[in-house]
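Comments concern the structure below.
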Amino acid sequence: MVVAVDGLAGAGKSTVARAVAAALGCPYLDTGAFYRAVTLAVVRAGADAASEQAVLQVTAAACLDYAAGAMLLDGEDVSEAVRTPEVGALVSAVSAFPEVRRLVVERQRDWVEEHGGRVVVEGRDIGTVVFPEAAVKVFLTASAAARARRRVADAEAAGQTLQDVEDHLRARDHADSTRAASPLRSAADAVTIDTTDLTVAQVVAVILGLIAEAEGDAGR
Ligand code: DC
């Protein structure tokens, strides 16, 4: 059973998806980390991030894996390296290339199969494209101000203001929502949860309730 957790940048997807996976005792997959790892590989190769051919070549040559919560690029743990502002600034453009997405999605589907199919998967297009048959689909939103506040602790350390963070989140959501290939949007059958005024525990409880319901339906 796949649990798809999609939503806006900074809406709490990672924290919530990890907690749901821990409660279920099943693996968790961060699909955004795959696009970030491809972007890092492009930067390291000195390739042109604006050229689909160049990015595709780097993607095809990259070995992408996710193990024990760590993103692996050619066997190297790049979990921290993919979180730099440089990668963050380029990842929306890199992840907009349809052929690049095709390769990355194929790898993500293989990963879920390799891990037994009972997995919590976090991303932007999981319920719409990667696993349209997912048993449970949620779409997390929150106000831009709340999302910026959650991100600001890390960003302040990097010299950014609250407004900088909010502007960056809005720009990334706009880019991800308006691209032609698999844009960020809620699946028609996803349950939207506005996390602005909810704690992590409350959001997790809602999702665990949806999972129990889906498993009850499947068992009937
Ligand atoms: O979740 P994140 O911020 O690490 O994702 C980084 C970028 O990757 C995001 O701006 C859009 C892209 N992405 C995507 O296109 N599809 C996904 N399933 C996950 C992320």
At R0 = 22 Å the Cβ-Cβ FRET efficiency linking Ala188 and Ala214, nearest 0.05, sits at 0.85
Could you compute the FRET efficiency for Cys63 and Arg109, with r as their C-beta to C-beta distance and R0 at 22 Å, rounded to 0.05?
-> 0.85
For the stretch 99-220, how big is the tail of P(r) above 18 Å, as a whole percent of Cα pairs?
-> 63 percent
Expressed per residue, the solvent accessible area of the stretch 141-220 in Å² (1.4 Å probe) is about 58 Å²
Cα pair count fraction exceeding 19 Å, expressed as % - the stretch 1-67 = 46 percent
Compute the projected area of the convex hull of the Cα atoms of the chain, averaged over all viewing directions, and report it in nm² to one decimal place.
-> 11.6 nm²
Return the carbon/sulfur percentage of the accessible area of the stretch 46-144, one whole number, probe 1.4 Å, all protein chains in place.
-> 53 percent
Label points 7 Å out from Cα along the Cβ direction at Glu86 and Gln53: separation in nm?
-> 2.5 nm
For Arg109, solvent-accessible area (1.4 Å; no DNA, RNA or ligand), Å² | 100 Å²
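The values are calculated or read from the model by the stated rules, or taken from the named source; none is laboratory data. Just so it is clear, the model here is predicted, and its values are computed rather than measured. All Cβ positions, even for glycine, are placed from backbone atoms using ideal geometry, and neighbour counts span all protein chains on display. Ligands, DNA and RNA are stripped out before the accessible areas are found, and what is left, the full protein with its side chains, is counted by its heavy atoms. Shrake-Rupley method; radii C 1.70, N 1.55, O 1.52, S 1.80 Å.
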